[in-house]
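The values are calculated or read from the model by the stated rules, or taken from the named source; none is laboratory data. Just so it is clear, the model here is predicted, and its values are computed rather than measured. Here the Cβ positions follow ideal geometry from the backbone for every residue, glycine too, while neighbour counts run over all protein chains shown. Side chains included, ligands, DNA and RNA excluded: accessible areas come from the protein's heavy atoms. Shrake-Rupley method; radii C 1.70, N 1.55, O 1.52, S 1.80 Å.
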Amino acid sequence: MILVDENTRYCIQGITGKQGSRACETMLAAGSNVVAGVTPGKGGQEVHGVPVYNTMEDVDVDCTVVYVPPRFVKAAMVEAIEAGVKLIVVVTENVPVHDTAYCYALAQKYGARIIGPSSVGVYSAGASKCGSIASGKSQISFSKGPVGIISRSGGMCSETALGLTQAGIGQSTVVGIGSDIITGSTMLDILKLFESDDDTTVVVLYGEIGGDMEENVARYIIEHGYSKPVVAFIAGKFASRFEDISLGHAGAIIEGDNGRWETKVKLLKEAGVHVVHLHHGIVAKVKELL
Amino acid sequence: MKLKEYESKPLLEGYIPFNPCTIVHDTKLVYPCVMKVQVQQNGRGKHGGVQVVQNEEQAHSFTSKWQENNFNGETVDVITWEPLVDIVDEWYIGIIFNRSVRSPQIIVSQDGGSAIESADNTIIIVNILEPIERQVNSLPEHLRDTVCKLYHCFVDHDLRMLEVNPLVNGVALDCVAVTDDDANYRRSTTLSERTLNRKATTREISARKIDENDHRGVAGKTYMDLDGDIGIMTSGGGATMTLMDALEHYGLHPANYTEYSGNPPQEKVEALARIVLSIPNLKALLVAGVVANFTDIHATLQGLITVLKEVKPSYPIIIRRAGPNDGLAKKAIEKLKQECGLNITYYDETTSLTQVVEHLKEQL
């Protein structure tokens with residue numbers, strides 16, 4: 001598994017809000033070590049038995065999960081980075097792109113990794129749940145096994161895992177990277193982590209139109225090779241005719257000739273990635289490759 | 001949102017000089033001048049949307065031409081004029097987010113105009129943590145100040161893209177900006193609603209109003225009318241896109257794009273259902289989403305049921321939903337089916353999201 005395991009100690013920023021408190025509850029229920037929460041001005045309280053602090057300076061954790069409203073995300077991320085947290089998972093959606101860009105640059109400087117914004121979270125089945133992924137009823141979708149999943153869509157993390165689980169195939173770690181214009185971690189960043197992960201034998205990508213994450217994965221594999229089979233589904237073929245319109249996700253946007261479905265699929269195929277054209281085709285393809 | 005030229009240029013105020021566009025109906029024209037159609041598409045010059053006019057007769061003929069014709073399918077609502085400027089020393093300056101390196105990127109080129117990609121460009125990947133003034137040394141000296149000011153404009157206005165093309169003697173003759181909608185709360189002015197390259201339709205406007213005064217969940221914010229005949233009420237951005245692709249894969253065409261998610265109250269789903277079911281000539285309705293974490297499937301589907309009871313459509317209705325209270329939801333749908341004689345098929349998580357589209361196809 002990658003990114004999070006049974007030893008990961010978590011903080012939740014915005015723990016006293018509705019979303020943050022629910023994340024705390026579901027993460028604890030899944031056995032994650034949530035050791036602290038941060039909400040400015042609410043230090044001293046407790047949420048589901050987890051102590052709340054005023055600033056990130058007061059906590060010592062491996063990973064912080066950000067649930068504050070969009071306009072406070074930049075400050076929350078900066079505080080976490082400057083406090084030395086090395087993994088920051090931002091679940092909040094609708095974060096201004098200039099804020100994300102600034103925080104990404106700062107994180108690079110401090111050697112921290114950001115996942116998100118608009119990340120549903122990271123889930124290593126049976127070991128650790130980070131964020132909103134695998135909460136409530138959608139837990140039934142996940143099981144422990146050899147497939148790593150990287151998805152630009154939160155909901156499709158669970159649908160992708162569900163098909164595999166129903167076929168008796170579990171997952172090592174499922175990572176929702178979000179689909180904003182700028183994301184703290186790209187598909188390629190996570191794909192590299194899966195390469196050296198002994199628990200993972202096949203990687204599944206859920207990509208979308210817009211941006212160049214899938215192209216960069218393809219170019220990397222063409223240049224450096226990749227030791228594990230990769231299966232990809234790229235959503236948004238139907239949207240090829242809509243330029244400059246975001247469909248569902250801010251980053252799912254075709255700008256000029258950039259981000260087109262055809263280019264992504266062509267390049268991925270050239271790189272030897274197994275591209276399926278219907279989402280439920282992923283299961284049969286993974287079965288074949290295991 | 002992509003702004004038109006006459007909406008973009010005012011953003012430059014206080015940063016760099018620009019040749020202001022005046023809306024034709026506002027003032028008398030001073031000849032010779034340049035008349036322009038204000039559309040969102042690029043390539044106005046190539047398609048006759050920009051023209052130097054010498055007198056009133058030419059101005060009138062330009063105006064009436066574009067009042068009668070659309071521009072590549074886009075209605076021309078606004079025509080502007082601006083003083084004619086001699087084009088010498090022409091530059092292209094663009095600022096975008098480079099999504100690979102995750103930083104703003106400045107592109108400067110002398111070969112402006114239509115073939116930017118192939119031109120001999122100077123590219124600066126901006127280090128957002130350092131002042132821009134220290135990062136422009138690769139540019140010709142006379143452009144550095146302009147580029148820095150444009151970069152500040154890009155940051156201050158929360159733009160996703162800012163393009164000046166051409167810049168002539170330090171003055172912007174044309175400009176396009178794309179705003180970051182997620183930063184709209186930092187803006188003092190509101191921007192008008194647009195969909196694709198056309199004005200929003202009645203259904204689109206109504207759908208966007210659903211979320212306006214009620215922030216519980218999302219319903220209809222991204223509603224868009226399309227030209228197919230399968231009504232769509234799906235949940236989640238990724239799932240919706242995946243389903244649209246599956247429809248097209250099976251030769252079916254969506255009548256609309258929309259989604260509802262995050263456990264919206266029944267009334268919001270009802271309002272959205274009312275809009276989707278009002279689309280004329282539907283051949284089927286697809287209601288689908290992934291296994292919900294917290295969205296109450298029974299409560300949200302009640303909104304749809306209310307409208308189905310009124311409209312009683314005869315076309316097939318396919319539902320694929322699972323999540324909290326899905327057992328109750330299934331029962332309520334069965335009851336509705338019997339009471340109203342509707343052609344509804346309910347699937348749960350044991351049938352995959354995209355497989356239900358195959359079943360829909362079989363019913364048509």
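Numbers at a glance
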{"item": "Residues that are under 25 Å from the mean Cα position of the chain (by Cα) and open to solvent by less than 50 Å² (accessible area, probe 1.4 Å), drawn from segment A:34-46", "result": "A:Val34, A:Ala36, A:Gly37, A:Val38, A:Thr39"}
{"item": "Qualifying residue in segment A:116-123 (condition: at positive phi, within 13 Å of chain B (Cβ to nearest Cβ), surrounded by fewer than 24 Cβ atoms within 10 Å (Cβ to Cβ) and of a type in the set (Gly, Ala, Ser))", "result": "no"}
{"item": "Those residues of segment B:143-159 which are open to solvent by 50 Å² or more (accessible area, probe 1.4 Å) and either at pLDDT below 95 or part of a loop (DSSP other than H, G, I, E, B) (or both), in sequence order", "result": "B:His157"}
{"item": "Residue within segment A:16-23 that is within 17 Å of A:Gly84 (Cα to Cα), touching a residue at least 60 places away in the same chain (Cβ under 8 Å) and surrounded by 15 or more Cβ atoms within 10 Å (Cβ to Cβ) present", "result": "no"}
{"item": "Residues of segment B:265-291 satisfying the condition of being of a type in the set (S, T, N, Q) and either within 16 Å of B:Ser314 (Cα to Cα) or not assigned by TED's automatic domain parsing to the domain that holds B:Thr354 (or both)", "result": "B:Ser278, B:Asn281"}
{"item": "Sole residue being touching a residue at least 60 places away in the same chain (Cβ under 8 Å) and in contact with a Phe, Trp or Tyr (Cβ under 8 Å, 6 or more places away or on another chain), chosen from A:Gly148, A:Gly84, A:Gly163", "result": "A:Gly148"}
{"item": "Subset of segment A:173-210 (residues that are open to solvent by 10 Å² or more (accessible area, probe 1.4 Å) and among the small types (Gly, Ala, Ser))", "result": "A:Ser196"}
{"item": "Filter pass, B:Ile128 being at pLDDT 95 or above, part of a loop (DSSP other than H, G, I, E, B) and within 14 Å of chain A (Cβ to nearest Cβ)", "result": "yes"}
{"item": "Odd one out for B:Leu277, checked against (1) within 13 Å of chain A (Cβ to nearest Cβ); (2) free of Cβ contacts under 8 Å to residues at least 60 places away in the same chain", "result": "(1)"}
{"item": "Filter result (at the interface with another protein chain (Cβ under 10 Å from one of its Cβ atoms) and more than 12 Å from A:Leu162 (Cα to Cα)) within segment A:132-151", "result": "A:Ser132, A:Ile133, A:Ser135, A:Gly136, A:Ser151"}
{"item": "Residues of segment A:166-224 that turn out to be part of a helix (DSSP H, G or I), over 16 Å from A:Leu289 (Cβ atoms) and either in contact with a Pro (Cβ under 7 Å, 6 or more places away or on another chain) or of a type in the set (D, E, K, R) (or both), as a count", "result": "6"}
{"item": "Any hit, segment B:164-183, residues being open to solvent by 40 Å² or more (accessible area, probe 1.4 Å), within 24 Å of A:Leu106 (Cα to Cα), at pLDDT below 95 and in contact with a Leu (Cβ under 9 Å, 6 or more places away or on another chain)", "result": "yes"}
{"item": "Unmet requirement for B:Ile96, which otherwise passes all of (1) open to solvent by 20 Å² or more (accessible area, probe 1.4 Å); (2) at pLDDT 90 or above; (3) not in a strand (DSSP E or B)", "result": "(3)"}
{"item": "Residue check for A:Gly184: touching a Gly at 6+ places or on another chain (Cβ under 7 Å) and over 24 Å from B:Thr351 (Cα atoms)", "result": "yes"}
{"item": "Subset tally (residues that are within 23 Å of B:Glu56 (Cβ to Cβ) and either open to solvent by less than 30 Å² (accessible area, probe 1.4 Å) or not in a loop (DSSP other than H, G, I, E, B) (or both)) for segment B:22-45", "result": "10"}
{"item": "The one condition in (1) on the phi > 0 side of the Ramachandran plot; (2) open to solvent by 70 Å² or more (accessible area, probe 1.4 Å) that A:Gly31 fails to fulfil", "result": "(2)"}
{"item": "Tally of residues being part of a loop (DSSP other than H, G, I, E, B), open to solvent by less than 70 Å² (accessible area, probe 1.4 Å) and either closer than 19 Å to B:Pro20 by Cβ or without any contact (Cβ under 8 Å) to a residue 40 or more places away in the chain (or both) across segment B:46-77", "result": "4"}
{"item": "Condition check for B:Thr80: open to solvent by 20 Å² or more (accessible area, probe 1.4 Å), touching a residue at least 40 places away in the same chain (Cβ under 8 Å) and among the hydroxyl-bearing types (Ser, Thr, Tyr)", "result": "no"}
{"item": "Boolean, B:Leu286 is within 12 Å of chain A (Cβ to nearest Cβ), in contact (Cβ under 8 Å) with a residue 12 or more places away in the chain and open to solvent by less than 10 Å² (accessible area, probe 1.4 Å)", "result": "no"}
{"item": "Residue that is touching a helix residue (DSSP H, G or I) at 6+ places or on another chain (Cβ under 6 Å) and away from every other protein chain (no Cβ under 14 Å), where the choices are A:Val203, A:Val230, A:Val174", "result": "A:Val203"}
{"item": "Every residue from segment A:270-286 that is away from chain B (no Cβ under 14 Å) and either of a type in the set (Phe, Trp, Tyr) or surrounded by 13 or more Cβ atoms within 10 Å (Cβ to Cβ) (or both)", "result": "A:Ala271, A:Gly272, A:Val273, A:His274"}
{"item": "Qualifying residue in segment A:241-260 (condition: open to solvent by 50 Å² or more (accessible area, probe 1.4 Å), part of a helix (DSSP H, G or I) and farther than 20 Å from B:Tyr250 by Cβ)", "result": "no"}
